Amino acid sequence: MWFIFALLSAVFAALTSILAKVGIEGVNSNLATAVRTVVVVFMAWGMVFLTNAQTGLGNIGRKSWLFLILSGLATGASWLCYYKALQIGEASKVVPVDKLSVVITLVLAFVFLHERFTVKSAVGCVLIGAGTLIMVL
């Protein structure tokens with residue numbers, strides 16, 4: 001059961017990166033971080049006001065709002081699954097599976113953001129996947 005939660009954590013963490021990439025377009029990064037992050041809300045909003053980025057709040061478009069909110073939801077789902085996996089599984093096995101988010105993010109970036117997928121990226125993905133499998137078995 002821990003593997004399912006750890007794998008879901010990796011998927012949601014990967015979605016967080018992709019959704020944030022789309023949502024942050026044309027938005028101050030400090031402001032975007034505050035919008036999508038509930039857990040660190042005081043720090044994020046502190047940075048918003050510190051950098052005077054609050055003036056850009058009215059300029060955030062519907063698309064950015066949607067993807068920043070979706071990114072925040074994906075972050076929350078990832079953390080819930082991660083802590084559940086840690087609760088019922090061994091950290092030495094849960095953590096490597098969670099880090100599959102790197103591989104999933106690269107694939108999602110290629111598919112949805114049309115980012116380049118190089119030989120180096122492919123080799124890295126294979127090595128991460130193989131390393132995870134070795135660590136978990």
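The values are calculated or read from the model by the stated rules, or taken from the named source; none is laboratory data. Values in this document were obtained by computation on a predicted structure and should not be read as measured data. A quick note on method: Cβ atoms are made from the backbone with ideal geometry, for glycine too, and the neighbour counts reach across all protein chains shown.
When segment 73-90 is limited to residues that are modelled with pLDDT of 80 or more, more than 19 Å from V35 (Cα to Cα) and buried (at least 16 other Cβ atoms within 10 Å of the Cβ), the one that is farthest from the chain's Cα centre (by Cα) turns out to be G89.
Of all the criteria given as (1) at positive phi; (2) at pLDDT below 90, the one not satisfied by V95 is (1). Beta carbons closer than 6 Å, at least 6 apart along the sequence or on distinct chains, pair a first residue in segment 30-51 that is modelled with pLDDT of 65 or more with a second that is buried (at least 18 other Cβ atoms within 10 Å of the Cβ) and among the polar types (S, T, N, Q) for R36/S71; A44/T33; A44/T37; M47/N30; V48/N30; T51/N30.
Number of residues in segment 112-126 that are within 24 Å of F5 (Cβ to Cβ) and modelled with pLDDT of 95 or more equals 0.
The C-beta contact set for segment 55-81 (first residue under 14 Å from S17 (Cα atoms), second residue at pLDDT 90 or above and surrounded by 15 or more Cβ atoms within 10 Å (Cβ to Cβ), distance under 8 angstrom, 6+ apart or interchain) comprises L68/I60; A77/L8; S78/L8; S78/S101.
Mind checking whether some residue in segment 113-124 is of a type in the set (S, T, Y) and assigned to a helix (DSSP H, G or I)? Quick ask: steps written out before the conclusion?
Step one: of segment 113-124, the residues of a type in the set (S, T, Y) are 118, 121.
After this cut, where a residue has to be assigned to a helix (DSSP H, G or I) as well, the list is 121.
Within segment 113-124 (the criterion being of a type in the set (S, T, Y) and assigned to a helix (DSSP H, G or I)), the answer is yes, since at least one residue qualifies.
For segment 112-121, the count of residues that are of a type in the set (F, W, Y) and within 15 Å of the chain's Cα centre (by Cα) is at least one. Taking the stated definitions as given, is T75 in a helix (DSSP H, G or I), in contact with a Ser or Thr (Cβ under 6 Å, 6 or more places away or on another chain) and within 18 Å of A6 (Cβ to Cβ)? Considered against the rule, which asks whether it is in a helix (DSSP H, G or I), in contact with a Ser or Thr (Cβ under 6 Å, 6 or more places away or on another chain) and within 18 Å of A6 (Cβ to Cβ), T75 comes out as yes.
How about segment 93-102: which of its residues are over 12 Å from the mean Cα position of the chain (by Cα) and among the aliphatic types (A, V, I, L, M)? Steps first, answer last, please.
Narrowing segment 93-102 to residues over 12 Å from the mean Cα position of the chain (by Cα): 93-97.
Result: V94, V95, V97.
Need pairs with beta-carbon distance below 8 Å; first residue touching a residue at least 12 places away in the same chain (Cβ under 8 Å) and within segment 110-136, second of a type in the set (S, T, N, Q); sequence gap 6+ or separate chains. Short answer, once both residue conditions are applied: M135/S92.
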